[in-house]
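The values are calculated or read from the model by the stated rules, or taken from the named source; none is laboratory data. Remember, it's a predicted structure, so these values are computed and weren't measured experimentally. FYI the Cβ positions are ideal-geometry reconstructions off the backbone, even for glycines, and counts take in every protein chain you see. Keep in mind that these areas ignore ligands, DNA and RNA; they rest on the heavy atoms of the full protein, side chains included. Shrake-Rupley method; radii C 1.70, N 1.55, O 1.52, S 1.80 Å.
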Amino acid sequence: MSAAVTKTTASATETVEQFDAIVIGAGFGGMYMLHRLRGLGLKVRVYEKGDGVGGTWYWNRYPGARCDVESMEYSYSFSDDLQQDWNWPERYGTQPEILRYAEHVADRFDLRRDIQFETHIVSAHFDPAETLWSVTTDKGEVATAPFCVMAVGNLSTPRVPDFKGIEGFKGNWYHTGMWPHEGVDFTGRRVAVIGTGSSGIQMIPIIAGQAEHLHVFQRTANFCLPARNMPLDPEVERSHKAEYPERRRAAYDTPFGIAGYPPPVKSALEATPEERERLYEDKWQEGGSISFLYAYNDLLLNAEANDTAAEFVRAKIRSIVKDPVAAEVLSPNSHPMGTKRLCLDTNYYETYNRDNVTLVDIRNATIEEITETGLLADGRAYEFDDIVFATGFDAMTGAMREMDIQAGQGETLVEKWDAGPRTYLGIMVAGFPNMFMITGPQSPGVKSQMILSIEQHADFIADCVAHMREHGLSRVEPTSSAEVDWVDHVNQTADATLYPLANSWYMGANIPGKPRIFMPYVGGVDRFKRKCDEVVARGYEGFEMT
Ligand code: NAP
């Protein structure tokens with residue numbers, strides 16, 4: 001049911017649009033949520049900041065942007081016709097291909113008619129008396145609905161560090177997560193890239209091929225594994241498609257939500273050095289990160305085991321990079337391998353053998369300021385035409401913390417999450433009834449094949465809404481004790497691994513002042529899905545429905 005009512009307030013007459021559900025964000029999460037809720041007969045409005053669908057793949061248009069999950073996996077499973085029809089040309093999808101896919105899905109399922117583009121939601125307030133969420137857009141429009149779904153993404157709040165002097169820079173500057181749609185040609189230009197996470201590592205080889213000179217400013221060296229991208233073998237595609245439904249089901253029984261990799265059964269420390277070397281070499285040649293992390297069962301649990309893999313990669317770096325000083329700087333030694341997101345690269349380390357590329361180690365020397373003509377680091381002035389910030393995102397909680405979210409007289413979401421996010425299953429927050437999150441903090445989202453987790457979350461949410469409607473219930477909220485137990489479980493699970501040892505965005509460590517707490521659930525998609533299924537089987541255990 002939907003309608004528009006006109007309210008007269010002291011200051012103005014405002015039209016309030018009414019829906020059954022409001023979804024914020026039209027990335028892969030918001031699009032599928034819309035499809036599911038519409039399938040229940042709900043009148044849904046999706047609000048999207050960009051002028052098109054695709055979320056991450058709409059914004060991150062930097063050169064070389066590509067998914068690090070294989071294209072046959074990184075796609076929706078909800079429609080077999082869709083997954084059979086769509087052809088991915090390469091092992092890993094490029095940003096333009098994935099965006100084309102998102103646009104195709106939007107058209108194929110006629111999603112656009114319920115999406116309002118170029119609209120940023122600034123606040124979401126819950127009225128307990130009416131059981132209604134009321135959202136306000138940046139244009140001052142107001143809409144209400146009993147249910148509100150945050151499909152705002154985990155890496156959707158780009159962070160340009162607040163370097164002194166940035167506003168006075170006379171050249172051009174860019175952030176990977178806000179890339180100009182028309183693209184950027186760096187031919188013949190003097191360029192700086194700041195940041196060597198997944199985004200920086202993908203773009204650096206391409207910019208190096210265009211620029212007159214490229215300086216890379218590296219604060220922390222990352223572990224990179226070869227992607228080994230290649231055209232998708234038609235036979236691989238055919239056999240994968242023949243098994244698609246079974247493979248998708250099997251993916252839910254794996255930790256990362258990707259089937260086809262036999263789970264490791266042995267500790268790295270039980271293997272001889274020669275055995276390990278052979279296995280790591282096979283994985284290195286195969287390319288990709290899942291296979292490598294699956295070499296042994298304790299790479300993310302035991303520091304000594306981890307170091308065998310880390311040393312293998314460091315030796316590879318030394319063998320590829322000709323300048324021993326640069327090789328040393330590029331060799332990660334401040335965190336266990338895999339505790340920051342592993343990067344997949346194409347010619348990344350080789351790029352440092354080019355004459356037009358200079359690596360600047362700023363581990364112990366911060367960038368002091370951006371000047372009119374470049375930047376100052378470690379007391380030295382550098383001059384550039386262009387600066388590219390590959391400095392990442394206020395991850396996992398950034399987008400929701402930017403919004404004014406409150407429910408009645410209680411705490412705002414920002415207050416509630418002051419010491420780090422607290423959720424039940426990463427799907428709901430106690431004190432915020434009828435507000436759902438897709439792949440929120442404390443879910444396995446970012447530690448999994450995202451689209452699979454998105455589908456699982458959106459299905460859980462849609463099934464919950466259907467259950468409520470069927471039983472005449474209007475309000476759902478997790479109990480405080482279920483939330484406390486889940487937060488404890490998420491923390492204990494992380495603490496049993498090496499993950500908290502890295503200053504990663506998983507820990508909020510890249511944002512000054514952000515609480516240091518490990519945010520994703522690393523118990524695996526398999527355990528998480530089982531837990532969700534049990535919750536439902538036990539009548540939505542941990543949720544209070546009235
Ligand atoms: P990121 O992993 O957070 O990397 C940001 C980089 O900028 C780090 O090297 C960081 O150094 C550096 N940095 C941040 N602030 C700085 C400062 N003030 N001075 C100097 N250096 C600074 O961000 P990202 O590369 O955009 O990747 C974020 C995530 O997006 C990835 O982990 C991945 O999950 C996803 N992603 C995926 C793909 C893919 O599928 N292939 C591609 C791109 C991104 P420190 O490490 O020292 O903080």
What number of residues within segment 329-373 are in contact with a Pro (Cβ under 7 Å, 6 or more places away or on another chain), open to solvent by 40 Å² or more (accessible area, probe 1.4 Å) and within 30 Å of PRO444 (Cβ to Cβ)? 1
Strands (runs of 3 or more DSSP E) wholly inside segment 10-68 containing at least 1 residues that are modelled with pLDDT under 95: 13-18
When residues of segment 185-204 are limited to those that are crowded, with 19+ Cβ neighbours inside 10 Å and more than 16 Å from the ligand (Cβ to nearest atom), the one nearest to ALA399 (Cα to Cα): PHE186
Against the condition touching a Pro at 6+ places or on another chain (Cβ under 7 Å) and small (Gly, Ala, Ser), how does GLY171 come out, does it pass? no
Looking at segment 525-543, which of the residues that are in contact with a helix residue (DSSP H, G or I) (Cβ under 8 Å, 6 or more places away or on another chain) and not in a helix (DSSP H, G or I) is nearest to GLU483 (Cα to Cα)? GLY542
Number of the condition not met by ASN154 [criteria: (1) surrounded by 22 or more Cβ atoms within 10 Å (Cβ to Cβ); (2) modelled with pLDDT under 95]: (2)
Are there any strands (runs of 3 or more DSSP E) wholly within segment 378-474 with 2 or more residues that are within 16 Å of the ligand (Cβ to nearest atom) and buried (at least 21 other Cβ atoms within 10 Å of the Cβ), and if so which? 386-389
Assess whether GLY177 counts as being small (Gly, Ala, Ser), within 14 Å of the ligand (Cβ to nearest atom), under 27 Å from GLY288 (Cβ atoms) and surrounded by fewer than 24 Cβ atoms within 10 Å (Cβ to Cβ). yes
Within segment 353-369, restricting to residues that are part of a loop (DSSP other than H, G, I, E, B) and within 28 Å of the chain's Cα centre (by Cα), the one that is modelled with the lowest pLDDT is THR366
Go through segment 71-125 and count every residue that is assigned to a helix (DSSP H, G or I), among the acidic types (Asp, Glu) and more than 20 Å from MET150 (Cβ to Cβ). 6
Picking from THR272, THR339, the residue that is over 30 Å from GLY209 (Cβ atoms) and within 15 Å of the ligand (Cβ to nearest atom) would be THR339
Residues that are away from the ligand (no atom under 12 Å from the Cβ) and either surrounded by 20 or more Cβ atoms within 10 Å (Cβ to Cβ) or in a helix (DSSP H, G or I) (or both), drawn from segment 227-242: PRO234, GLU235, VAL236, GLU237, ARG238, SER239, HIS240, LYS241, ALA242
Options LYS340, LYS416; residue that is under 21 Å from the mean Cα position of the chain (by Cα) and of a type outside the set (A, V, I, L, M, F, W, C): LYS340
Can you find, within segment 148-170, the residue that is farthest from the ligand (Cβ to nearest atom) among those that are in contact with a Phe, Trp or Tyr (Cβ under 6 Å, 6 or more places away or on another chain) and closer than 16 Å to ILE367 by Cβ? VAL160
